[in-house]
Every structure is written in structure tokens, then in C-alpha cells.
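A short write-up of the structure that comes next.
The values are calculated or read from the model by the stated rules, or taken from the named source; none is laboratory data. Keep in mind that what you see is a predicted model, and the values were worked out from it rather than measured. Areas reflect the complete protein model, heavy atoms only, side chains present, ligands, DNA and RNA absent. Shrake-Rupley method; radii C 1.70, N 1.55, O 1.52, S 1.80 Å.
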Amino acid sequence: MKKSLVARGKGHQSWITHVSFDPYLVDANGHTVPNLYRFGSVAEDGLLMLWDYHAEPLDAEAEVYIDVLT
């Protein structure tokens, strides 16, 4: 398996200690959403961040949407 960078998100101010993926990502009609990943991360800064990542070709301005829970 080839390893490569797929996305870079900005949000945490310290080292990430845990990442967990949402295996139940579906739309309002109950259908699986293709090329969309939702995951949460916790870091030493005490923040839990929820991320939605759309798996499309990367460009310099790729966006990652986050919600921050404190």
C-alpha cells in the first residue's frame, strides 16, 4: 500500500491523541454518502473536533469543514 497525504486540516493547537471515524454516515434518506468521511479528533489542547472530508482530488485550496466542541 502506498502512503500519501490526502488532506491537511487546521484546527488543533497541540498534538492529536485520538481519531475515530463515523461508520454510519448517511444522508437524510438513509443512503450512504459516497466519497464523504466524517471523523472526530481529540488533542492535548482539550478540544474535540468533528470533521467532514469530501474525498475528491486535492488542490491547494482543499477545504475541511470542522465543528469544535469545548
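Roughly speaking, what is the stretch gain from L36 to K10, that is 0.36 nm per residue apart minus the C-alpha to C-alpha distance, in nm to one decimal? Don't skip to the answer; put the middle values down first.
Details: separation 26, 0.36 × 26 = 9.36 nm, distance 1.83 nm.
Taking 0.36 nm per residue and subtracting the Cα distance, the gain is 7.5 nm.
In the complete set of protein chains, residue-level accessible area for Y53 is approximately 30 Å², probe 1.4 angstrom.
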